[in-house]
1. Might you check whether a residue that is more than 18 Å from the chain's Cα centre (by Cα) and β-branched (Val, Ile, Thr) occurs anywhere in segment A:235-245?
2. I'm trying to understand the selection: among the residues of segment B:60-106, which are part of a loop (DSSP other than H, G, I, E, B) and either within 14 Å of another protein chain (Cβ to nearest Cβ) or acidic (Asp, Glu) (or both)?
3. Restricting to segment B:184-209, what's the tally of residues that are more than 10 Å from chain A (Cβ to nearest Cβ) and in a helix (DSSP H, G or I)?
4. Test A:Ile217 against the criterion of being away from every other protein chain (no Cβ under 14 Å), exposed (fewer than 15 other Cβ atoms within 10 Å of the Cβ) and not small (Gly, Ala, Ser), and give yes or no.
5. Which numbered condition trips up B:Thr124, out of (1) among the polar types (S, T, N, Q); (2) crowded, with 24+ Cβ neighbours inside 10 Å; (3) free of Cβ contacts under 8 Å to residues at least 40 places away in the same chain?
6. Hey, among B:Thr156, B:Thr219, B:Thr145, B:Thr195, which residue is β-branched (Val, Ile, Thr) and touching a Ser or Thr at 6+ places or on another chain (Cβ under 6 Å)?
7. So which of A:Gly205, A:Gly231 ends up being touching a residue at least 60 places away in the same chain (Cβ under 8 Å) and away from chain B (no Cβ under 14 Å)?
Amino acid sequence: MESQTRLLGIGTANPGKSYQQSEIAEMLGVMDTKIARIFNNSHIKTRNVCFTDFDENGAVKEETSLDLWNKHRKYAVETAEKAIENALEIAGLTVNDIDYIACVTSTGFLCPGLSAHLIKNMGFRQNTQRIDIVGMGCNAGLNGMQPVTNFCKLHPEKFGLLVCSEVCSALYVKDDTIGTAVVNSLFGDGSTAAVFGNRSELKEGVGAEILAFESFIIPDHIDAMRFDFNGDKYEFYLDRQIPYVLGNNIEKPVKALLKKHGLKIRDIDHWVVHSGGRKVIDSIKYNLDISSHDVRHTIDVLREYGNLSSGAFLFSYKRLIDENIAKKGDNLFIITMGPGTTVECCLGKF
Amino acid sequence: MINVNINVETQLLTIKEETNLTIVELAETQESIDRDAFLSELRIVADYLEDESISNVVVFKGLCLEMTGDTEVPSSDFFRRWEKVLNQLEKLPKVLIAVLDGTCENFLMQLALCCDYRVATENTTFISSEIKVGYLPGISTLYLTKYVGMGLARRTILAGIPLKADKAYAEGLIDEMCTKEQLNEKVYEFIKLVTPKSIKAFQLGARLLRESYANSYETALGHYLAAQNKCIDK
């Protein structure tokens, strides 16, 4: 039987502590009722964030740009290590078995990159091939998955590792603007690691064969999601029209990818969608005409962790695999969205 | 009105089509129909309606037949495939109308309930006997509560007590009731009455209605805004 590039195991980890949404608002000193409403109406219940320095009233102290950079460096590496250990254990492999690593992050800039730190700390082989994908945002998990699976297809006996590590709280700024409130109420910290390799059989805990990817960028909305530098720190900006821009465009890449494989939306048995936010998920549901059940893991991950950026879809994918309902032959469709404005799609078959 | 030849042959269901109307009919010669064969053909018809048919209105006729095997519990795979095809039909950008005359039972009742409207004769009765046999009726039967309320739905679904046309009409489950002789004329009148100007608006509105009662105000508002944006997007 021909071997197929499949996901062999996903590991997840979250740094810091899990806080209720209302606790985070309190720690960030939110007093304005409008801003408090943004925190309360986000459909997010809890999030892991790395708050380490508090004043005598329990409020988070103002962090310098150096503090935030150090926070990213510490937690992006530490949390990724935990996720990798978890993923390798599920896949039944060790660091010595990994031939290729793609590391994805947008919450801090490291040089040498995250992959170099992980190789040093965890003892991966010195000839491990690697790539670091930095600054592509929430969609970048699928952008990282492409080279990993391409590598595995080219070298059927080898194994690849995708790591997404985001410390979104290293990008928090404190001010009273609505824009900052939207960002501070949405994003959480978390890392994922996914091992890929060639296995001919679908077994419990193993994911779908990766068939193809489709990319789509909407250049007219290049500024809709972006980092601004305020002279001291990077601030993340989210345009309020993003859910509708994504909704109005989502069908194009989805149908294009399906058409190449002779499939329709009705042929997809399992959906894994990035937990971008309540309005984004609603917009995708109604524009693709898929149900709340189809995006149950996306909604649950958003509720429990907030938007985890590039690795969020792997949290959902892990839940789908743990459900153990996918049958041989079922079709899987993965969608991530992010700055650009970008939609990335992946088609798989269990 | 012309007979449509779809690529795969169907024995139980015929499709006739004119400019803006498709009629899907269970063959009159049948006394009872095989459940598995019916599901297979319904999937073919649903694919045709989604992929090729350009009409905005679909009428299902002949749904008051006995289905063989209704006293046996289907496999879990059958339920999965059945719900999938009903979901596909529900989501079509078309107005679905069930035309009923007689006893509409179990799986055919589910199909009638997944339609947007029902035009029926006074002799029509709905029967859901699945729970008496030992399994659960499909999701569209469970929609019955939204139409007729918990009291009546409880008697129909849990106890299998027939739900007669007059009661169903009074509660809004049947949209147009008439005599057998009037049925054909009433169907065409009803089609004129309910055919929407924008099928996209109809489709999204139908989805929001199906999801009503299920969500908090905040969730429903989010769904509404997402649907409205799709509706007015050029």
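1. The answer is yes; a qualifying residue exists.
2. Taking segment B:60-106 first, the residues part of a loop (DSSP other than H, G, I, E, B) are B:62-65, B:69-75, B:91-94, B:101-102.
If the condition is that a residue be part of a loop (DSSP other than H, G, I, E, B) and either within 14 Å of another protein chain (Cβ to nearest Cβ) or acidic (Asp, Glu) (or both), then B:Asp70, B:Glu72, B:Ser75, B:Lys91, B:Leu92, B:Pro93, B:Lys94, B:Asp101 are the ones that fit.
3. Residues of segment B:184-209 more than 10 Å from chain A (Cβ to nearest Cβ): B:184-202, B:205-206, B:209.
Applying the additional criterion that residues be in a helix (DSSP H, G or I) yields B:184-194, B:199-202, B:205-206, B:209.
Total meeting the criteria: 18.
4. Values: away from every other protein chain (no Cβ under 14 Å): yes; exposed (fewer than 15 other Cβ atoms within 10 Å of the Cβ): no; not small (Gly, Ala, Ser): yes.
Spelling it out, it is not the case that A:Ile217 is away from every other protein chain (no Cβ under 14 Å), exposed (fewer than 15 other Cβ atoms within 10 Å of the Cβ) and not small (Gly, Ala, Ser).
5. (3)
6. B:Thr156
7. So the residue among A:Gly205, A:Gly231 that is touching a residue at least 60 places away in the same chain (Cβ under 8 Å) and away from chain B (no Cβ under 14 Å) is A:Gly205.
For every residue, the table says whether it meets (1) touching a His at 6+ places or on another chain (Cβ under 8 Å); (2) surrounded by 19 or more Cβ atoms within 10 Å (Cβ to Cβ); (3) touching a residue at least 60 places away in the same chain (Cβ under 8 Å).
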position	(1), (2), (3)
A:Val77	yes, yes, yes
A:Ala87	no, yes, yes
A:Thr94	no, no, no
A:Thr107	yes, yes, yes
A:Ala116	no, no, no
A:Gln126	no, no, no
A:Gln129	no, no, no
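The values are calculated or read from the model by the stated rules, or taken from the named source; none is laboratory data. Bear in mind the structure is a predicted one, so any value in this text is a computation, not a measurement. Neighbour counts run over all protein chains shown; Cβ positions are idealised from the backbone, glycine included.
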